[in-house]
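The values are calculated or read from the model by the stated rules, or taken from the named source; none is laboratory data. As the structure is a computational prediction, the values presented were derived from the model and not from experiment. Using ideal geometry, Cβ is built from the backbone for each residue, glycine included, and neighbour counts are taken over all protein chains shown.
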Amino acid sequence: MIINHPLLGPRDSQEFVYLGDAALIRRPDGMADGALDKFIDYTYLRDNPAGQHRELWYHEQGDRSWLVVTRNTVSHEITAVELARDVARTEGRSK
Amino acid sequence: MSRITGGQIDRSKTLRFSFDGVAYAGHPGDTLASALLANGVRLMGRSFKYHRPRGVISAGSEEPNAIVELRSGARQEPNTRATVIELFDGLQAQSQNRWPSLKFDALAINDRLSPFFAAGFYYKTFMWPAAFWEKLYEPIIRRAAGLGSLSKQDDPDDYDKGFLHCDLLIIGAGPAGLSAALTAGRAGARVILADEDFRMGGRLNAETLEVGGGSGADWAAKAVLELAAMPNVRLMTRTTVIGAFDHGIYGAVERVSDHLAQPLPGKPRQILWRIYAARSILAAGAIERPIAFENNDRPGIMLAGALRAYANRWGVAVGDRVAVFTNNDDGLRTVADLKAKGLDVTLIDARQGDEVIDSAGRLGLKSITVRRGNGRTETLAVSALGVSGGWNPNLNIASNHRGRPVWSESLAAFLPPEGAIAGLSCAGAAAGAMSTHGALTTGADQAVQALASLGLTASTDLPQAEDAPVNLKAHWYVHSGKGRAWIDQQNDVTVKDVKLAKQENFVSVEHLKRYTTLGMATDQGKTGNILGLAVMAELTGKTIPETGTTIYRPPYTPVAMGVLGGRARGEDFKPTRHTPSHKWATEQGAVFVEVGYWLRTQWLPRAGETTWRQSVDREVLQTRKSVGICDVTTLGKIDIQGTDAGAFLDKVYANTFSTLGIGKTRYGLMLREDGMVMDDGTTARMGQNEYVMTTTTANAVPVFRHLEYCRQVLWPDMDVQLISTTEAWAQYSVAGPNARKLLEKLVDQDISDAAFPYMACGNITVKGTRARLFRISFSGELAYEIAVPTRYGDAMIRALVEAGRDFDAVVYGTEALGVMRVEKGHVAGNELNGQSSALNMGLGKMVSKKKDAIGMVLSQREGMVQPNGYRLVGVKPVDPAKALTAGAHFLAKGAEAVAVNDGGWLTSVVYSPHLGHSIGLGYLKGGDTRKGERLRVVNLLANTDVEVEIVSPHFFDPEGERLRG
Amino acid sequence: MRYSGFRVIAEALTGHKGWKPAWRDPAPQAAYDYIIVGGGGHGLATAYYLAKEFKQARIAVLEKGWIGGGNVGRNTTIVRSNYLLDGNQPFYEFSMKLWEGLEQDFNYNAMVSQRGIINLFHTDAQRDAYTRRGNAMIMHGADAELLTKDQVRQMYPFLNFDNARFPIKGALAQRRGGTVRHDAVAWGYARGADMRGVDIIQNCEVLGMKIENGRVLGVETSRGFIGAKKVGVAVAGSSSKVMAHAGMRLPIESHVLQAFVSEGLKPLIDGVMTYGAGHFYVSQSDKGGLVFGGDIDGYNSYAQRGNLPVVEDVAEGGMSLMPMIGRARLLRMWGGIMDMSMDGSPIIDKTHIDGLYFNGGWCYGGFKATPASGFAFAHLLAKDTPHSTATAYRFDRFAKGLMIDEKGQGAQPNLH
């Protein structure tokens, strides 16, 4: 596969390490009430769709960017590649 | 059977070769198949199951029958298609899967017994008694099965891998591919034209058809010359595109040296190319299919197009009396071409109701029985029969992404699925354009379209060529008689087998394939699959597309394992990382051990030491007595800087680092989000906003990846920067009572206990060179780790050894390191197994619940805080003479060795020279409350059973007085 | 119809006219007591044992395509019970015992062949881990041996002992491990279930579930609604898709695993071998093909096909272990969809919906589990209590922190 890195252009996916569903961005607050249940869902449950999937890839043999790749899990077509940091900020994550 | 006029062989040169020990001669341009046929050899192999005599049926890579063992010794290649072996001088080939000889094969008895060997018979028998399967039936079956054999010697050749990029990849250099390449090449596009053959031109080389008023082969040769002169075009002959992968990536195998007796010096046998193509055109032509009839598998019966190819391209007449059995106009071309060569040819045209219903000739075709449309039968004495049931577009690669081919009634064949592979289009016969004109036109048109989609403009300039229709009347098999009509010739699948599969409800195409083994042979059913499908369709009363399709997985043709492996063999399987002291250690005769990709010093034997234990014991005792030096560079090192560095560490470590004083070091425990321990190590605060983390050797890369994840994905606004400095610093541990004295000889600063106390860290200089010093101890001794820029690593080990002379310092390896860490009760790889929590390791109190660190929440789950869970313990044998074994399990005295009594296991075991006996660490259920208990550790694999006492894991200096000294 | 050597001979002499369909193709009935979704190995085995061992009736197996077309038809055929953890090993040993009697039990030659499996090790740490594992296996009633390098060399002298980046130091062996003809497992169970009245309904895709008041009432399919008292889902890589019809999210990701077979070769490798220093395992089929595989591709996928990097990685492992296979040819590669769970171990459990049961999360180890999985799932469906060897395979083990993590990789499915 080829991942079109937003900073570096097209790169072979072999340069990357895969993590999983980009929902992992939404890590619960560990100090909040009900954190245990939220962490169980967050850590263990997945939508695992057959179709569009937003997922985290890490450019380990490259610039060390974490990316959010939108890829179809049936066709493997990639329709968007974003810096995970940008996505995380959009989703309200900060410090 | 002999050479006739014409052909693209160089008759001025003679090549000597042998088959089954008999010497023959051929010419450059020959394949093994054409040369054998030219020498009158029709019998080239035996079939898989019935050991039927077989000859060549095709002139290409779709060949199911003529497969041989090529070459000898370590270069022996089983199952090689005679039809694609380029003849070279000295070539040796042997027939295979026969005994004692090709002509007299004992297992041909199977053919007589074929009623007992019907499809799937083995699923219904050999069940009684149960033990006989492995002992009797299966060994017989295994010996009889298989085709050719490997030499069992290491492959002596080299293989390479390479990467290519292009605007347009064209797969196949027949008229369509050449037309596409000319169009794109002239337009300036970066083109790769690949063909599996050693001569470009495809069917043009096998035909007498005209292109542009001259011979098609000449036109092809001229086109190749023009393309070769274009700097933007790469021509790749002997190159098979093996499959289409995602996003325009194609695999291709170039056979660099297979046409030579052995590779030229410095050249690989083959190269695996990964081709990145913006667009691609599949112009792989079409593959002719036979018509099944009784005994249609005799040597001398072949595809009509192949018969014509041998005559036209190789100047070989397979027989002097020839018949052609066809259901389409292409078969008529064979009749015409062979007649033009002066051969006696009889046409049996299925469209007129004429059929071949049987054949005769045990080791080669002698005659055929023909039933004419008027019902009369006659026997014709022929030595060659060409059969054409039509041509299947060679859509193989177009279906690699599992798109469904589309049925064409007019061709009675499947066409490639449109758009099934992004960026790929099809041209020529592969797309169902069966005439030369159609091939040239579609090739050019597809190139124009592909280039247009890339923003390039191209124009076409097409030569004149025939545009004859196919005129095909579907005819799959001859409904006649009780004999067997072969569909899959290599695997011996007949029409009867398909009927039996239907009878037993193996009706789905996949069931048919698996039950009968149809299409599972080395040719993957390129010629036969469609016949099986057609027979099943007829039996079920459905159409062929309703019955199923033929789609293909990579590779297009079988690929040598060697080329897929490339250079990653032997010592080069994976990279080797050397530590900064490697050269010095090599000079000292060190024994090395693989630690991931690193080679580390395991121990350093001295003269007179005959066992590893002597060396390791000495290294440990001398370190504890005076001082020892160890290369610890392999530990991961990560610089962490920024105003949020401390807060960041509080997130990623279970314990707190923001409160660590500047110039101090702390042991840190890193959890995964699931609460298990991910890694441990020390992290030093070098400045207000500057920390240096160490990780274990094994986790250096994963931890860095994880920290980047935390920094970019979870807490994107934290002001923190990371850089891995594992390779930047050479780091040595200096441990033992004389460690400070040794270092004082080298460092420029005051490192007295007052100035540089236990757990201190700082930037220092070593004789003016910048360095980092950490007063940390893994051994339990007064110890430091000193880091210098890697380029000084070799000098540093020599300086340390030199400075250590006064103290009789030793350099110790990983074994001594392991001994001392077990004596000290530190966890390492065997305890950090990914299945253990901080609580398991006796470090539960390190997990702060006052902050939201990774893993904190889930580490509190009920199953992970059970009082009777595993806890780290120390273990010593009650009888000091008894040795312990890592991996042995804890059992109570008198308890049976069954799982319900399993108390845990020994994780790490060493011989402690300090204590004079074996000691171990282990995970024991409820171990934190069981000190003093006596248990057994049992190793059922070696039948050992040792009584042990559970003790604190801190065997040595539990109060830590020495390391604070 | 009973299969036997005598029957084969009798049919051969009479033109094979007497063979009956191995299973029927019935039209679906309006309702069943049990619907098993998924006509793969596990689903068919479940139906078989439900009928045979638990004497249940009115059972249907619904299969989207053709039976045996999923992972039971696309795997490397290895059977073994060499697991480490208490949650797993009794189950896999139970499975091994069922394999050992399977062919006589269902009267079909699935070619259960106990030619042995060895796991090579290359470091002291691997040796220690295998010692721990071997002891655990024996304590659970399985067989295990630790082989020295010389013993390995005697078995397979052509391995790379002398010039290896990671020298072989020995192996953990399980002599009872081996291979089974994978397709025949599906067909044998299908035939056995069909003979006991189970309706096997192919080309019948489940498109929805009818759930009212917390109870499942049946399934919507491509062939209409079919009512059921109990629905058991055993669909491997499609687990998340099917269970989404019940509104459930699973601790599962679907990943592609590639496997490979070479051209047929005369006998080279008698048993099964796994390489401890690379991603490679291999056996040789009775037909002569080397059957081998390695790691999953590593990204979520439902595509049933993989990419070149893993192909090359596997070949590199093979070439570094056995440099003689350089001149053997890879014939075919394929990809199966693995239901990779969060701890690498399966789930056989009830759901929070009455009457809905789930069997999945087999990762790439489901084939060897087929008999025990079917037996344990049938037990759960029939009795509403877990089978004694499958008590740990619960949904709530993640909530409770009782993961069964053989590899110690944590909640990242592509690492298991």
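Take the conditions free of Cβ contacts under 8 Å to residues at least 40 places away in the same chain, closer than 30 Å to B:Ala783 by Cβ and surrounded by 16 or more Cβ atoms within 10 Å (Cβ to Cβ) and apply them to B:Leu906. Does it pass?
Against the criterion (free of Cβ contacts under 8 Å to residues at least 40 places away in the same chain, closer than 30 Å to B:Ala783 by Cβ and surrounded by 16 or more Cβ atoms within 10 Å (Cβ to Cβ)), B:Leu906 qualifies.
Name every residue in segment B:292-316 that is buried (at least 24 other Cβ atoms within 10 Å of the Cβ), closer than 20 Å to B:Gln8 by Cβ and over 38 Å from the mean Cα position of the chain (by Cα), in order of residue number.
Correct list: B:Arg308, B:Ala311, B:Asn312, B:Val316.
Let's see how each residue does on (1) under 19 Å from C:Ala369 (Cβ atoms); (2) facing chain A (nearest Cβ under 10 Å); (3) in contact with a strand residue (DSSP E or B) (Cβ under 6 Å, 6 or more places away or on another chain); (4) outside any strand (DSSP E or B):
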position: C:Leu217; (1), (2), (3), (4): no, no, yes, no
position: C:Glu220; (1), (2), (3), (4): no, no, yes, no
position: C:Ala228; (1), (2), (3), (4): no, no, yes, no
position: C:Ser239; (1), (2), (3), (4): yes, yes, yes, yes
position: C:Met248; (1), (2), (3), (4): no, yes, no, yes
position: C:His255; (1), (2), (3), (4): yes, yes, yes, no
position: C:Phe260; (1), (2), (3), (4): no, no, yes, no
position: C:Glu263; (1), (2), (3), (4): no, no, yes, no
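Counting only residues that are in a loop (DSSP other than H, G, I, E, B) and in contact with a Phe, Trp or Tyr (Cβ under 6 Å, 6 or more places away or on another chain), how many does segment B:630-650 have? Write out each step before concluding.
Taking segment B:630-650 first, the residues in a loop (DSSP other than H, G, I, E, B) are B:632-635, B:642-644.
Right, trim to in contact with a Phe, Trp or Tyr (Cβ under 6 Å, 6 or more places away or on another chain) and you get B:634.
Residues meeting the conditions: 1.
Considering each of B:Thr634, B:Thr697 in turn, give the residue that is within 14 Å of chain C (Cβ to nearest Cβ) and either small (Gly, Ala, Ser) or touching a residue at least 24 places away in the same chain (Cβ under 8 Å) (or both).
After applying the criteria, what remains is B:Thr697.
Filter segment B:843-862 down to the residues that are of a type outside the set (A, V, I, L, M) and surrounded by 20 or more Cβ atoms within 10 Å (Cβ to Cβ), then identify the one that is nearest to the other protein chains (Cβ to nearest Cβ).
B:Arg861
For segment C:142-164, what are the residues that are closer than 23 Å to C:Glu100 by Cα, in contact (Cβ under 8 Å) with a residue 40 or more places away in the chain and more than 8 Å from chain B (Cβ to nearest Cβ)?
C:Ala142, the sole residue that qualifies.
Taking the condition of being part of a loop (DSSP other than H, G, I, E, B) and surrounded by fewer than 21 Cβ atoms within 10 Å (Cβ to Cβ), how many residues in segment B:806-824 meet it?
The qualifying residues number 1.
If I filter segment C:1-35 down to residues being closer than 15 Å to B:Met127 by Cβ and within 29 Å of the chain's Cα centre (by Cα), which single residue comes out as modelled with the lowest pLDDT?
Here the answer is C:Met1.
Please go through segment B:506-518 and give me each residue that is facing chain C (nearest Cβ under 10 Å), under 23 Å from C:Leu330 (Cβ atoms) and either surrounded by 24 or more Cβ atoms within 10 Å (Cβ to Cβ) or of a type in the set (S, T, N, Q) (or both), ordered by number.
B:Arg514, B:Thr517
Go over the candidates C:Gly361, C:Gly374 one by one and state the one that is modelled with pLDDT of 95 or more and within 14 Å of another protein chain (Cβ to nearest Cβ).
It is C:Gly361.
Hand me the list of strands (runs of 3 or more DSSP E) wholly inside segment B:665-770 holding 2 or more residues that are modelled with pLDDT of 95 or more and more than 47 Å from the chain's Cα centre (by Cα).
B:761-766
For segment B:535-558, enumerate the residues that are more than 9 Å from chain C (Cβ to nearest Cβ) and among the polar types (S, T, N, Q).
B:Thr540, B:Thr543, B:Thr547, B:Thr549, B:Thr550
For segment C:21-63, enumerate the residues that are of a type in the set (Asp, Glu), in a loop (DSSP other than H, G, I, E, B) and away from chain B (no Cβ under 14 Å).
C:Glu53 - this is the single residue of segment C:21-63 that is of a type in the set (Asp, Glu), in a loop (DSSP other than H, G, I, E, B) and away from chain B (no Cβ under 14 Å).
In segment B:342-364, is there at least one residue being touching a residue at least 40 places away in the same chain (Cβ under 8 Å), within 14 Å of another protein chain (Cβ to nearest Cβ) and in a helix (DSSP H, G or I)?
Checked against the condition, which is being touching a residue at least 40 places away in the same chain (Cβ under 8 Å), within 14 Å of another protein chain (Cβ to nearest Cβ) and in a helix (DSSP H, G or I), segment B:342-364 yields no hits at all.
In this structure, does B:Gly532 turn out to be outside any loop (DSSP other than H, G, I, E, B) and away from chain C (no Cβ under 11 Å)?
yes
Could you go through segment B:421-432 and let me know if any residue there is closer than 20 Å to B:Ala458 by Cβ, part of a strand (DSSP E or B), within 14 Å of another protein chain (Cβ to nearest Cβ) and at pLDDT 95 or above.
Yes, some residue in segment B:421-432 is closer than 20 Å to B:Ala458 by Cβ, part of a strand (DSSP E or B), within 14 Å of another protein chain (Cβ to nearest Cβ) and at pLDDT 95 or above.
Looking at segment A:42-56, which of its residues are closer than 23 Å to B:Gly675 by Cα and either more than 8 Å from chain C (Cβ to nearest Cβ) or outside any strand (DSSP E or B) (or both)?
The answer is A:Tyr42, A:Thr43, A:Tyr44, A:Leu45, A:Asp47, A:Leu56.
Consider B:Gln262 against the criteria (1) touching a Lys or Arg at 6+ places or on another chain (Cβ under 8 Å); (2) without any contact (Cβ under 8 Å) to a residue 24 or more places away in the chain; (3) farther than 30 Å from B:Ala413 by Cα: it satisfies all of them except one. Which criterion is unmet?
(2)
So, of the residues in segment C:325-348 that are facing another protein chain (nearest Cβ under 9 Å) and out of contact with any helix residue (DSSP H, G or I) (no Cβ under 8 Å at 6 or more places or on another chain), which turns out to be modelled with the highest pLDDT?
C:Leu331
Taking C:Gln114, is it of a type outside the set (A, V, I, L, M, F, W, C) and surrounded by fewer than 21 Cβ atoms within 10 Å (Cβ to Cβ)?
Taking the combined requirement at face value, the residue does not satisfy it.
Can you confirm whether B:Gly922 is at pLDDT 95 or above and under 19 Å from C:Gly134 (Cβ atoms)?
Yes; evaluated as a whole, the condition is true for this residue.
So is B:Lys135 out of contact with any helix residue (DSSP H, G or I) (no Cβ under 7 Å at 6 or more places or on another chain) and outside the structural domain of B:Leu70 (by TED's automatic domain parsing) or not?
yes
Scan (1) within 27 Å of C:Gly73 (Cβ to Cβ); (2) not assigned by TED's automatic domain parsing to the domain that holds C:Lys149 for the single condition C:Val310 breaks and write down its number.
Tallying (1) within 27 Å of C:Gly73 (Cβ to Cβ); (2) not assigned by TED's automatic domain parsing to the domain that holds C:Lys149, C:Val310 fails exactly one: (2).
Restricting attention to segment C:338-353, which residues are of a type in the set (Asp, Glu) and more than 30 Å from C:Asn213 (Cα to Cα)? Before you say what the answer is, go through the steps one by one.
Here is the first cut: in segment C:338-353, the residues of a type in the set (Asp, Glu) are C:339, C:343, C:349.
Answer for segment C:338-353, where residues must be of a type in the set (Asp, Glu) and more than 30 Å from C:Asn213 (Cα to Cα): just C:Asp343.
Out of the residues in segment A:58-95 that are facing another protein chain (nearest Cβ under 7 Å) and over 20 Å from A:Ile2 (Cβ atoms), which is surrounded by the fewest Cβ atoms within 10 Å (Cβ to Cβ)?
Ranking the candidates gives A:Ser94 first.
Can you name every residue in segment B:100-129 that is assigned to a loop (DSSP other than H, G, I, E, B), aliphatic (A, V, I, L, M) and exposed (fewer than 15 other Cβ atoms within 10 Å of the Cβ)?
B:Leu113
How many of the residues in segment C:369-391 are buried (at least 21 other Cβ atoms within 10 Å of the Cβ), over 17 Å from the mean Cα position of the chain (by Cα) and among the hydrophobic types (A, V, I, L, M, F, W, C)?
Total satisfying the criteria: 2.
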